[in-house]
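A.B. asks: Take this structure first; my questions come after.
The values are calculated or read from the model by the stated rules, or taken from the named source; none is laboratory data. Computed from a prediction, not measured in an experiment: that's the story for all the values here. Every residue, glycine as well, gets a Cβ built from its backbone with ideal geometry; the counts of neighbours run over all protein chains shown. Remember, those area values only see protein heavy atoms, side chains included, never the ligands or the DNA or RNA. Shrake-Rupley method; radii C 1.70, N 1.55, O 1.52, S 1.80 Å.
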Amino acid sequence: MAAAEDARTDAAEARAEADANALERDAALRELAEARAEAKRAYMQISVLQAKLAEAESRTRACEDDVSAQAEELRVVAEKLHAQTSALAKANEARERANRDLEARVAERTAEVAEVNAILRDAADALPHLVWSARPGGAWRYANRRWVEHTGIAADDARGFGWLEAVHPDDRDRVMAAWAAATTHGELRVEHRLRGRDGVYEWFETRALSLRGRRWGREADPERFFGTSTNIEEAKRAEAALRLSEARFRGFAETTDDVVWIVNGETGQIEYLSLAYERVCGEPRAAVVGLPCHRSELLHPEDRGRVAEALGALPAGARFDIVYRIVRPSDGAVRWIRDVGFPVPGEDGRILWFAGLARDITAAKEAETRQALLLGELNHRVKNALTAVQSIAAQTARGAEHPDAFQSRFQSRLIALAQAHDMLTQRAWRDAALGDLIRRTLAPHADGGDIAARVHAAGPSVWLRPEAAIAMHMALHELATNAAKYGALSTPGGRVEVTWHCVADEGDGATRLNLLWCERGGPRVEPPTRTGFGSRLLERGLVQQFGASTSLTFTPEGVEFRFSATIGTGLTEE
């Protein structure tokens, strides 16, 4: 049983093994089928590979041909490279020699530049100016010895903007504004005050130019400025003095009544005319400045030849003093001018300008004319006075009974004549008012009292020419003297009435002056037994002087004198 059981077990194991083998056989068959399929695919790949191998062998053969050709080319290139290597070695040797030469030259040039820089620094230090260099914007890089000596600021301290410490605070903004503009324009120019070592500020002019490099073939922005600062304090003072001097000159020239003129010594053109020219010559000076000074059209036609001859006879550059007339263009008025001119030479003696004063002497010329007329008139009047004195003397002597009477009467009449002359002299020998003449003549006979109480004078305003005034005064003096001795003025209650009026003549219509002298309240009047000087003066002298008609009447009540003359014969009516 046990054996059977073992047999069944072995059989079961054998069937299991057979099943396993069957499974393995099936798997092997499948693997074989797959291997056959894979072999078939491999065969096909081998065929493709063989084709590719054949193509590769063909390409290899072509490449071998190309390699042979390239090898030949490489050989040729190698030969050329060897030749170039030899040439390059030679070039390197030449370059090294050139570098050594260049380094020697650079060293030599550097030494020369260093020497030049030293010379330039010495020169900059020797210059009388403050020399410096700066970057655009004003940052200094260098300052010379003069800067240090003047400002007391060391060169190192002046670097950057340290130099600005020496600039006057009020000028710093203006200086920096100039630097900003210079960075654009490449030039710096500005005036400012600079503090010295002693703390005193003086005026300096700072100027600089830029050094520009080149970039991409074009001029680049400024890289550095080189400049100087020059002391112009004396020039500023001289400029201020010049302005003051010019102000003084213009103050004088523009306010004086004389025409101040300046003419260019070379061109002969008018450079300056003072304001008085417009008043004297009657045309705007702006229209004349720049024109030639010899303007004959302004001269009076009668003076042109004389002035040209007088100026032509003067030596070159001589002073002149000449009088001439001009005709003013504005109104045609003739003015007398005294023109005094003189040369203004330069330091080399060459005449730079002619200058002078032209004075309007028209008033003086008119005064000279009046003076000449007055002298003539005076001469005439002196002769007339002497003639009058001679006539008075003769007439007085003719009626005098003894010498004492002649002396008294002659002296009285001379005093009357002198009073008439005094009255006219006070009026510069102009016309005299009839009313004033009457009051002045009768004033001495008022006995210290009020003349109006003894004398009544009334009438319109009438004026007498000087000679007529003397004759009328002498006539009134004779009447007043006679009234004081024998008539109304010889007693306290007597009065004299003098009245006059102007009427139109019925015949020719001319205006006539009628004057009446009437005495009242005096002693009884008796007609004189003879005719004296006074009567002849009243009845003849006035007739001759005025062409008048006169009447002298001795009424018992008092003397009456009538005078009638045409206005215009020694008389004028206001």
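A.B. asks: Short version: ³J(HN,Hα) in whole Hz for each residue of segment 186-201, in order, from phi by Karplus 6.51 cos²θ - 1.76 cosθ + 1.60 (θ = phi - 60°), x for Gly and Pro, what are they?
C.D. replies: 3J(HN,Hα) across segment 186-201, in whole Hz: x, 9, 10, 8, 7, 9, 7, 9, 10, 7, x, 4, 7, x, 8, 8.
A.B. asks: Could you let me know the centre-to-centre spacing of segment 260-333 and segment 455-488, using Cα atoms, in angstrom?
C.D. replies: First find each Cα centre; the distance between them is then 57 Å.
A.B. asks: Which of rounded, prolate, oblate describes segment 156-302, given a ≥ b ≥ c as roots of the alpha-carbon gyration tensor eigenvalues and a/c under 1.5 marking rounded, otherwise prolate only if a/b is larger than b/c? Intermediate values should be presented prior to the final figure.
C.D. replies: Values: a/c = 4.38, a/b = 2.18, b/c = 2.01.
Prolate.
A.B. asks: Compute the accessible area per residue over segment 466-532, keeping the other protein chains in place, probe 1.4 Å, unit Å². Before the final figure, lay out the partial values.
C.D. replies: Numbers: 3100 Å² over 67 residues.
Ligands and nucleic acids excluded, the figure is 46 Å² per residue.
A.B. asks: Using label points projected 7 Å from each Cα along Cα→Cβ, tell me how many nm separate residue 239 and residue 223, to one decimal.
C.D. replies: 3.5
A.B. asks: Sticking with this structure for a sec: From Cα pairs below 8 angstrom and at least 6 apart in sequence, can you work out the relative contact order of segment 127-243, rounded to a whole percent?
C.D. replies: Working: 215 pairs, mean separation 29.0, N = 117.
Relative contact order here is 25 percent.
A.B. asks: While we're looking at this one, here's another question. Work out, step by step, the length gained on full extension between residue 350 and residue 433: first 0.36 nm times the residue separation, then minus their alpha carbon distance; give nm to one decimal. List each step's numbers first, then the result.
C.D. replies: On the way: separation 83, 0.36 × 83 = 29.88 nm, distance 6.60 nm.
Between residue 350 and residue 433, full extension yields an extra 23.3 nm.
A.B. asks: For segment 167-292, with every protein chain kept in place, what is the accessible area per residue (1.4 Å probe, Å²)?
C.D. replies: Values: 7600 Å² over 126 residues.
Accessible area per residue: 60 Å².
A.B. asks: Moving to a separate point now. Run the numbers on segment 316-367 and let me know its relative contact order in percent, using alpha-carbon pairs under 8 Å that are six or more apart. Write out the running numbers ahead of the final one.
C.D. replies: On the way: 85 pairs, mean separation 16.3, N = 52.
It rounds to 31 percent for segment 316-367.
A.B. asks: So if R0 is 35 Å, what FRET efficiency would residue 82 and residue 57 give, r being the distance between their Cβ atoms, rounded to the nearest 0.05? Could you put the intermediate results ahead of the total?
C.D. replies: Numbers: r = 36 Å, r/R0 = 1.03.
In this case the efficiency is close to 0.45.
A.B. asks: I want the local charge near residue 12. Using Cβ-Cβ distances under 14 Å, sum +1 for each Lys or Arg and -1 for each Asp or Glu among the other residues. Before the final figure, lay out the partial values.
C.D. replies: On the way: positive: 8, 15; negative: 5, 6, 10, 13, 17, 19.
Charge balance in the 14 Å sphere: -4.
A.B. asks: Using Cα-Cα distances under 8 Å and only pairs 6 or more residues apart, what relative contact order does segment 229-343 have, in percent?
C.D. replies: On the way: 138 pairs, mean separation 19.3, N = 115.
With pairs under 8 Å counted, the relative contact order is 17 percent.
A.B. asks: With the Cα gyration tensor of segment 47-173 giving a ≥ b ≥ c as the square roots of its eigenvalues, does the rule (a/c under 1.5 for rounded; else a/b larger than b/c for prolate; else oblate) give rounded, prolate or oblate?
C.D. replies: Verdict is oblate for segment 47-173.
A.B. asks: Ok, one more. Please identify every one of the GluC sites (Glu not before Pro) in segment 256-315 that sits in a loop by DSSP and has no more than 11 other beta carbons within 10 Å of its own beta carbon. Mind dumping the intermediate values first?
C.D. replies: Details: sites: 266, 271, 278, 297, 302, 309; in loops: 266.
Taking segment 256-315 and a limit of 11 other Cβ atoms within 10 Å, the loop GluC sites (Glu not before Pro) found are 266.
A.B. asks: Quick one: length gained pulling residue 318 to residue 453 fully straight, 0.36 nm per residue minus the C-alpha distance?
C.D. replies: On the way: separation 135, 0.36 × 135 = 48.60 nm, distance 7.39 nm.
Separation in residues times 0.36 nm, less the Cα-Cα distance, equals 41.2 nm.
A.B. asks: To continue, here is another question. What distance in nm separates the simple spin-label points at residue 232 and residue 364, each placed 7 Å from Cα in the Cβ direction?
C.D. replies: 4.6
A.B. asks: With a/c under 1.5 counting as rounded, go ahead and sort segment 262-323 into rounded, prolate or oblate using the C-alpha gyration tensor (a ≥ b ≥ c being the square roots of the eigenvalues; past the cut-off, prolate if a/b is larger than b/c, else oblate).
C.D. replies: Values: a/c = 2.01, a/b = 1.28, b/c = 1.57.
It comes out oblate by the Cα gyration axes.
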